[in-house]
Every structure is written in C-alpha cells, then in structure tokens.
Amino acid sequence: MTPSPTPRPRSVLFAPGNRADLIAKLPRSGPDAVVLDLEDAVPSGPEAKAAARTVTRDAARDLIAAHPHLAVFVRVNAPHSPFFEDDLGVLTPELAGVVLPKLESAADVRLVAEALAGRGLSLPVMAGLETGAGVWNAREILVPPVRWAYFGAEDYVTDLGGQRTPGNVPVPNLEVLYARSRVALAARLAGVPALDIVVTRLGDEATFREDAAQGRALGYAGKLCIHPAQVPLAHEYFGPTDAEAGRAR
Amino acid sequence: MTPSPTPRPRSVLFAPGNRADLIAKLPRSGPDAVVLDLEDAVPSGPEAKAAARTVTRDAARDLIAAHPHLAVFVRVNAPHSPFFEDDLGVLTPELAGVVLPKLESAADVRLVAEALAGRGLSLPVMAGLETGAGVWNAREILVPPVRWAYFGAEDYVTDLGGQRTPGNVPVPNLEVLYARSRVALAARLAGVPALDIVVTRLGDEATFREDAAQGRALGYAGKLCIHPAQVPLAHEYFGPTDAEAGRAR
Amino acid sequence: MTPSPTPRPRSVLFAPGNRADLIAKLPRSGPDAVVLDLEDAVPSGPEAKAAARTVTRDAARDLIAAHPHLAVFVRVNAPHSPFFEDDLGVLTPELAGVVLPKLESAADVRLVAEALAGRGLSLPVMAGLETGAGVWNAREILVPPVRWAYFGAEDYVTDLGGQRTPGNVPVPNLEVLYARSRVALAARLAGVPALDIVVTRLGDEATFREDAAQGRALGYAGKLCIHPAQVPLAHEYFGPTDAEAGRAR
Ligand SMILES: [Mg+2]
Ligand SMILES: [Mg+2]
Ligand SMILES: [Mg+2]
C-alpha cells in the first residue's frame, strides 16, 4: 500500500460526482483532500449514477493531471447498494483513496478489500461510520485497508429514527455526542485519523466554528466540508499539517 | 408470537396495579398502550403485592373487555425479585405483552422466556434497561421475545450511586446521556422501538416538552407516561402512528 | 488481601513524590486518602525519578507513623514506562494501596499483579483509566487486585489528540462526557468506587463545585484533589463516609 500524501487531513472537500464544473474548482480553497461523490450528491437512479460515473472518471483524471500533489478521493456507493460494483469501475491507482459510506461490519470491510483486490487496486479506504451498526461496530471496522474514518451525523440520526432539528436539544449536537465520541475513540484505538461531521448550514460561519471547536476537542483530525468557504475555517481549528509541524520543529 | 397491535407506541401510560379506579380511567387520554404496574407503583411487601395481583387481574380483564383495541400490558416485578413467579399468575393471553423491569443479561431474558413458556404464554416482552448491567448488556438483552425496550433514568442513576438532582448538571439529563444514547442505539440494532424516560415532575409541561424533544432527537419511539396529561404531549413529539402514516401515503 | 481503610474515599489528595514538605502537610485538610506521586508530578528523567523515590520512601514511612489511620497511597509510573520496576521498590505493606496510571488492558493488570506478588506485596490497586485503550477496555481492567478506579480527563484528551480548552465546548467537560460516563458505569459493574477528574484551575471554587456536582451526578464516589482547598469541597459533594452513614443509621 502506498503511503497517503495526506495522513491527517484538516479538510476534506466534497463535490457532486456529476458536476465537472464544481470538481474543477475544488483545489481553489486549498483543501487537504477532495472527494468526488457518487453517493449522496448524485440522485439514486441507475441512469443518474451511470452518468455521474462518466463525469467523475474524466474529472478525476483531469484534476490529478492538473494538481499532482492534491489528494483526490472518489466516494462510491455503499457495499450493499446496487451501485457499488459499477462504481468501482471509476477507480484508478492514481487516486489517494476511496471513500466507502455506511460501512457496518468487519465483513463489509473484507467485501470491500476483496472487491478492490479483484480489480487490481490497493487503494486505502476512508470508512464512513454513519449508521447504528457502523457506530456500534466501529472498532472492528477500522482495520486495514481502512486508513481514515468519518462520522456522518445526518445519516446516523436518520438510521436511528431520531431528529436532527437543532431546537430539540439544549446544546448543539447533543443527540450525536455518544456516537461522535465513540467514533473518535475507536479511531484512536485503530490509529487512524477521524473526520468530523458535515455542517449543512452553508454561509453560517458561527455554527461552523462552534462545530469545528467541538470536533477538535473530541479528538477529530479535521472536518468534512461541503462548501469551499468551510475549508479555511477548518484549517483554523485543526491546526498545522504534519508537514508544517515538521518544519516548525 | 402474535403481532402486537402497537408496534411503535408513542405513549405508554402507567397506573398502579392496586388502583382499580385509576386503571379504569387509563383509556381516557388516548394512550397507544397502557401498563398495570405491579412493580414500583406497589409497596414492596408480600401482602401489598398479593392484593395488587388480584386487583390487576380483574382490572385487566375488564379493561380488555371494554376496550378490545387497547394495548394492555402488565408490569411484573424483576426476574430475581421474590415476587416474580407469583406475578406471572396474573398474565393472560389477551394482554398485548408483559413489561419486565431491570433486565440485566441474556440469561435473564432466557429465564423470562422459559417462565412464560412454562405457563403456556407467548407474550411479547417490553424490557426495562435501568441498571448498570442492563445498559451495558443492552445488545444481548434485546432479543426475542423482547419486542420493545425502555430506559429508566431514575433507577439507572440510583444503581450507579449517582444523583438525579437537576441542578447538578448544566443541561437537563446530561448525567444519563451516555446510557440513554446507548439504549437507543442498541434498540435500533435489535430492531425494537425504544421508550424514553419518565418525567417525574407532574404538571410541568415545559419540562416534559423539553424531555420529549430530547428523546425524539435521540431516536426514541415514544415516552413512558405516568399522568394522563403527558399522553397528548407525547403524541405531539413522537409523530403519527404507523397506521396514520400509512393512511397518509 | 487486607480490607482497605477507605473503601469509598470522597477525596484523594495528591502531592509530588519529591516534595517532603508538601507530603508532610497532606493530612491537614483531612482528606480520606493521600497519594505520593512518582508519575506526573515528578519530571521524567531517570535522576529526577530516582531522587523522588528516596523522598517518597522516607516520607511515606514518616506519614504512616505519624498518622496511622490515614490511607496512604503511592502512585508509580505506568507499567510499560522505564520507571515502573524501580518504582515498585518504594512500596511497603503499610501502604493502603498503590496507584497505577494509564492501565490499558487485562494484560496490564496481570503484569502489575505479578510484579507486586514477585515482591511479596498484596497491595490493592487504584487503576487510572486515562487513555483511549483504558476507557475502551475499562470493564476488563477493573478486576482484582484493582479496588478503585479513577478517570483522568487531561491524559485521555491528550491521548485522543483532542483539546481540553474550556471554550471549545458549550458545556464544561462535554468533550469527556462519553469517557467519564463509561468509566463510572464500568466501575459500577466491577463493584469498585470511581474517583472523578482533577480540576486543574486552582483557586477557582465555582469551577470545582460545578465539576464535583457533575461527578456526583454521574455516580463517582469522590474526587482526585491536587490542592488542600479542594478537599473540604469534595466532602460537601460526595456525602458522608461509609462510617458516618453507619453511625447515622
Ligand atoms: Mg450520507
Ligand atoms: Mg423502576
Ligand atoms: Mg496523568
């Protein structure tokens, strides 16, 4: 397995896998890693997913060619989804890794590892822990080829039948504190960096800052970002990169 | 096992098993389920428990006859209490289920299942997770015939030697957030609805609303209620019943 | 194993193991237990540790002679540290017990038990759970000869790569609520008293009170104290000793 160029990304910026225009702009905000998303950002029908694959394949190739030092990931659909196998066809060895949403068990990780190996790929995996099973089984899921984890609050709460309306709890994110803390702890035990929850309220800098401070306190290494404006904020809270810290020594 | 008429109760209203007058009034507030309680609501002596059994047996029969569509449960005393075996004598196949407080292990569940089978009963069980062991072992306890779970905050905190004085924590229920979150998660994994903590401050609508909103956010399906006025409030927060949702489709 | 004189200490007051003057003053504030610390309070070099051992050995002997009813502990360095074996040379049967920081597994506990037995000592152990592994594996660590547990928030957060800056979270200690709750629960299952986190802000009585109230709510038996002024405050929040409660009956 080749060592990743971003062992501990402070920011992981997503763009829809079917939007070549947005993908091309991903590097502008200076994120530590970028993700071309074939899952949540693309409508769930077979045609939409197929079209997005074509866009993502070409856009990823162009992005890597233009920015050889940028860590480019593709997020495929979950292992038990009908899109998983075809999504794998988009992956190439030039990627920094593949993002796997909704991993739920050690068996899921083996399935993913075997599917990658079957295509001659040895990409490291960023594992999405964002269901009840994923959070409960976090410890057994965070094994090689998994090299990063992220916690997805929206999907987690949906899976539990809960509600993520801010007014429901007296303190932001209290409804996911147990799961968010458990994922940070499991990631520490596995020795992999954990990426913190998405802030869905775009343009609300105060909420992003509050949220990033919480994630930093809990031990997260960085944040999933869904808008370029979130990237510099994430870098404020998640400190210097390993490289910067090295230079400072 | 017969399917329960209330797979996902928004409200579970309790009445003391020794109070025929209160039991008869249970349906008035329109709860999704009712419980005739032989445990906490009845003093702990053998005579008091014996007297309550007689009241409960007759009152449950009358209630079911008068309200054939109401889901009527009886809460017996805990499996290792001296009252458990005699309490089982009250149960009949007409009940919607039996509530088992303070379940602590898979062995407890087997003991209960065998005791019910020994009496020719196949009632589904609502499991009380309200001790340290119950919360820790939640995952292994929530197996058939368990079909619902509830989290009991007062008993849990007592068992841990903690304190449930509201002023102790800066945010309501913070002292049970770990356990309350863990039970909601374990219930999700087991595929059973979880019922949220009792609000003991009667007549305090604001506290009940705040508490219900928290429970809803965490993924609970409904609330244990100890006063009829809590029932309509619970229904506000825990959404439409499955049947209503079905009609709306 | 001899029964400890302080089965449930409300306060455990620390002094640096290299400060004979502070050690001699430990009894003044009336703590339920005291700890002569060879770990965090002593610089990490071999000479500093060696010098502290001499001071601690003599000071512990004098303290026990002058205060035969005081529960005196020594905190050694962690089992896998280079100081552990030599630290054991300080221990004597007259101590109330030995404090082991950063225990992480059942194997660590066996290693400690064997090391003590190898020196003919049968001291009970106060286990520090203050790393990711310690908190995750709490249940298996809290077995004999462990007879008390403590949760260390500063070390825990450091180990997770988090931050303990109060402003990061909207409510004090939210970044450790999961771990602090889990340790209290694991201690309850093991039947051992749990000691709550250190308050590092000396002279800030309000913060200590708030912190103690939280710990009490969660089920902790008492608090680790690092200043004599914290001892009477701890006793306010953690109620009567077993002996006092016995007299009151
Ligand atoms: Mg998602
Ligand atoms: Mg109870
Ligand atoms: Mg320490």
*Hey, if we sort B:I226, C:I64, C:I141 by accessible area with the 1.4 Å probe, largest down, what's the order?*
B:I226, C:I64, C:I141
*Report the net charge of residues surrounding B:V76, where surrounding means a beta-carbon distance below 14 angstrom and charges are Lys +1, Arg +1, Asp -1, Glu -1.*
-1
*asked:* Given a 10 angstrom Cα cut-off, can you work out which residue in C:K25, C:K49, C:K102 is the most mobile in a GNM of chain C?
replied: C:K25
*asked:* Keeping all protein chains in place and using 1.4 angstrom, which order do B:D196, B:D159 fall into by accessible surface area, from largest down?
replied: B:D159, B:D196
*Run the dipole for chain B about the Cα centre, Lys and Arg Cβ at +1, Asp and Glu Cβ at -1, nothing else charged, and hand back the magnitude in debye, nearest 20.*
640
*Relative to the Cα centre, what is the charge dipole magnitude of region C:113-249, using +1 at the beta carbon of each Lys and Arg, -1 at the beta carbon of each Asp and Glu, and rounding to the nearest 20 debye?*
400
*Could you run the numbers on buried accessible area between A and B, total for both chains, 1.4 angstrom probe, in Å² to the nearest 100?*
1700
*What is region A:11-248 by shape, rounded, prolate or oblate, if you read a ≥ b ≥ c off the alpha carbon gyration tensor as root eigenvalues and call it rounded for a/c under 1.5, prolate for a/b larger than b/c, and oblate otherwise?*
rounded
*Any idea what the dipole of region A:54-103 comes to, in debye rounded to 20, about its Cα centre with Lys/Arg Cβ at +1 and Asp/Glu Cβ at -1?*
160
*asked:* Below 9 angstrom from the Cβ of A:L233, what's the summed charge of the other residues (Lys, Arg +1; Asp, Glu -1)?
replied: 0
_How far, in nm to one decimal, is C:V143 from itself in the other copies if the label point is set 7 angstrom along Cα toward Cβ? Shortest first, please._
2.2, 2.2
*Leading residue at positive end of dipole, region A:11-248 (Cβ point charges), from A:P27, A:Y156, A:F83*: A:P27
*asked:* If the elastic network links every pair of Cα atoms under 10 Å, which of C:E39, C:E140, C:E104 fluctuates the most in the Gaussian network model of chain C?
replied: C:E140
*How many nanometers, to one decimal and shortest first, lie between the label point of C:A50 and those of its other copies, if labels sit 7 Å from Cα toward Cβ?*
7.7, 7.7
_Using a 7 Å Cα-to-Cβ projection, A:E85 label spacings across copies, nm, ascending_ = 5.9, 5.9
_Shielding by other protein chains, A:184-190, mean Cβ within 10 Å_ = 6
*Let a ≥ b ≥ c be the square roots of the eigenvalues of the Cα gyration tensor of region C:55-161; is it rounded (a/c under 1.5), or, if not, prolate (a/b larger than b/c) or oblate?*
prolate
*Give me the percent of the accessible area of chain C that comes from carbon and sulfur atoms, probe 1.4 Å, all protein chains in place.*
54
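Within 11 Å, Cβ to Cβ, of B:A115, how many net charges do the neighbouring residues add up to if Lys/Arg are +1 and Asp/Glu are -1?
In short, -2.
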*asked:* Per residue, how large is the accessible surface of the protein assembly as shown? Use a 1.4 angstrom probe and give square angstrom.
replied: 39
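The values are calculated or read from the model by the stated rules, or taken from the named source; none is laboratory data. Since this is a predicted model, take the numbers as computed values, not measurements. Backbone-built Cβ (ideal geometry, glycine too); neighbour counts: all protein chains shown. Just the protein is used for accessible areas: all its heavy atoms, side chains included, with ligands, DNA and RNA removed. Shrake-Rupley method; radii C 1.70, N 1.55, O 1.52, S 1.80 Å.
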